[in-house]
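Right, one structure below, let's go through it.
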Amino acid sequence: MQYRRLMIKHILAFLLFQASSLSVHSAELPDLGAPDLIEYDQQTEEQLGRAFTTSLHTDYSLNYDPEVVSFVRKIGHKIASQTGNHRNFRFYVINNDSINAFAGPDGVIGIHTGLIQAVQSEDELASVIAHEIAHVTQRHLSRRYEYQSNQGNIASIATMLAAILIGMQDTNAGMAALMGGMGYNMEQQLKNSRMHESEADFKGIEFLQKANYDPYAMGQFFARLSKAGQNNSSSLPEILRSHPVTGHRLAEAENRAQTMPPLKAREPDNSLNLIKLRLNQANLQRDSHNLFFSENQSAAENCYQLNLINMNSPTNDEKMNKSRTCLWQLMKDNPQQILYSNLMMESIVKDQHKNKELLNRVLKYAEYQQALHPNDVSGLLRYADLLISLDKVELAQQTLESRNENQKYQYQVNQKLSEIYASQQKNAEAYYFQAVAQLNIGNTERSEYLLKKAEQNINGTNFILEHKIFIFSNKYANLLKKDTKRPEQ
């Protein structure tokens, strides 16, 4: 173990000590007591962000459940919209049972599924997201470390950062090595770390309140975790290792929350509880645990859970129809809660014995939901799957393609389009949409390769796809090493 720690420290030190000066210290930000800390420039940060995002998608288990990721992203972008910062924030969910979250380069925020399970309210989850957003707006990552500007090493550094931030390496050794850049002593490193955490709390609570979330939730959540860690020091949550909690820090958070204006009244929302049920069901399938109904659950949550269970386990039609009856009622009573209608569509797609009358009702309701939630990717993907299950493949393709440009997150939509075209043996289109999907996650090399494969598989009359490739190549010419001459018509 000692040898492994030393190796990690030496590797990280080697990567990070080669750093060259990339920009001057920003006059907008407070001096954190280390005058020679410098920020990397915007181009380097964007390169690191793309490489970091690629590493997340290729090296780690991301949660692609449409409902889970949409839930987290709605909260994240609601808070990010209050920062006045035009950074391209992106939010991802990591399949990891540890209670943790992280802020990576260029606005990439990661939330562990263990954290979602640990929070007791949406406000608490929002408080952690706000804290991580504040790390980004205050440029703590770039102010703490320097990076070499050589393009060939960007991916290696981003991959190492991902390993440390997600906690897959030895966190203590890794963070010590990262924070050791330019030879700071441990006292200075810890001082900077504490100041960063205090600053992230200060700004995060401001963002939290502006987004109409409880500003007290941040201090309450960290205090509860800290108390649990004191009672069982051997199982200290990961988030407390990278975000150490002190009495002074909690007092500062309390005082900061007291200065915030009162919140506006909010409509009751049970989305967090429903999302937890989805995560519980995923754990049940993965680990063969026994899923149980909690006495604290509402009737709506019991109904949702029952449909999750029936959908994912063999059951008779009578039992399935009975559980869908209550779900259908929830859909009619709560049209704003897209999680109910999404589950109904998901359930019907998986059903081997489809009820035509129910299918028609759900299809009409799904069309209504599409109009009500035009920018919700989870609803779009469930609707497309429903159309495909009804042999309306062409309509599914048209719907996905027409709505894709308006989506902030296009990776899963393009993946779905690639799968649809591949199932029809339309290889050129399948390669093209896979190329677009790979660029969505920053994987430029893979995107270039797939784009060439798309061109190789085009027949002589597919002018529409040739035009799409031309437009795509020109739009991202700065990223793709590709000839962007217009194809012969």
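The values are calculated or read from the model by the stated rules, or taken from the named source; none is laboratory data. Note that the structure is predicted; figures quoted are calculated from it, not measured. Virtual Cβ from ideal backbone geometry, glycine too; neighbours counted across all protein chains shown.
Annotations for the structure displayed:
- Every residue from segment 61-88 that is in a loop (DSSP other than H, G, I, E, B) and within 24 Å of Leu272 (Cα to Cα): Ser61, Asn63, Tyr64, Asp65, Ser81, Gln82, Thr83
- Unique residue being more than 27 Å from the chain's Cα centre (by Cα), more than 30 Å from Phe472 (Cβ to Cβ) and in the same structural domain as Gln434 (by TED's automatic domain parsing) when the list is Asn316, Asn312: Asn316
- Any chance Met168 is under 15 Å from Tyr60 (Cα atoms) and either surrounded by fewer than 24 Cβ atoms within 10 Å (Cβ to Cβ) or modelled with pLDDT under 80 (or both): yes
- Test: residue in segment 334-353 that is outside the structural domain of Asn63 (by TED's automatic domain parsing), polar (S, T, N, Q) and over 24 Å from Tyr383 (Cβ atoms): no
- For segment 295-323, the set of residues classified as touching a residue at least 24 places away in the same chain (Cβ under 8 Å), polar (S, T, N, Q) and assigned to a helix (DSSP H, G or I) consists of Gln305, Asn307, Asn310, Asn321, listed by residue number.
- The set of residues in segment 457-467 that are in contact (Cβ under 8 Å) with a residue 24 or more places away in the chain and in a helix (DSSP H, G or I) comprises Phe463, Leu465.
- In this structure, Arg87 does satisfy being of a type in the set (Lys, Arg) and at pLDDT below 95.
- When Val436 is tested against (1) surrounded by fewer than 22 Cβ atoms within 10 Å (Cβ to Cβ); (2) without any contact (Cβ under 8 Å) to a residue 60 or more places away in the chain; (3) of a type in the set (Val, Ile, Thr), exactly one condition is not met: (1).
- If only residues of segment 60-109 that are small (Gly, Ala, Ser) and out of contact with any Asp or Glu (no Cβ under 8 Å at 6 or more places or on another chain) are counted, the one that is farthest from Ala200 (Cα to Cα) is Ser61.
- Failed criterion for Thr54 (all others in (1) without any contact (Cβ under 8 Å) to a residue 24 or more places away in the chain; (2) of a type in the set (S, T, N, Q); (3) in contact with a Gly (Cβ under 8 Å, 6 or more places away or on another chain) hold): (1)
- Close pairs (9 angstrom Cβ cut-off, 6 or more residues apart or separate chains): without any contact (Cβ under 8 Å) to a residue 60 or more places away in the chain and within 18 Å of Leu363 (Cβ to Cβ) in segment 324-343, among the basic types (Lys, Arg) and surrounded by fewer than 17 Cβ atoms within 10 Å (Cβ to Cβ) anywhere: Trp328/Arg361
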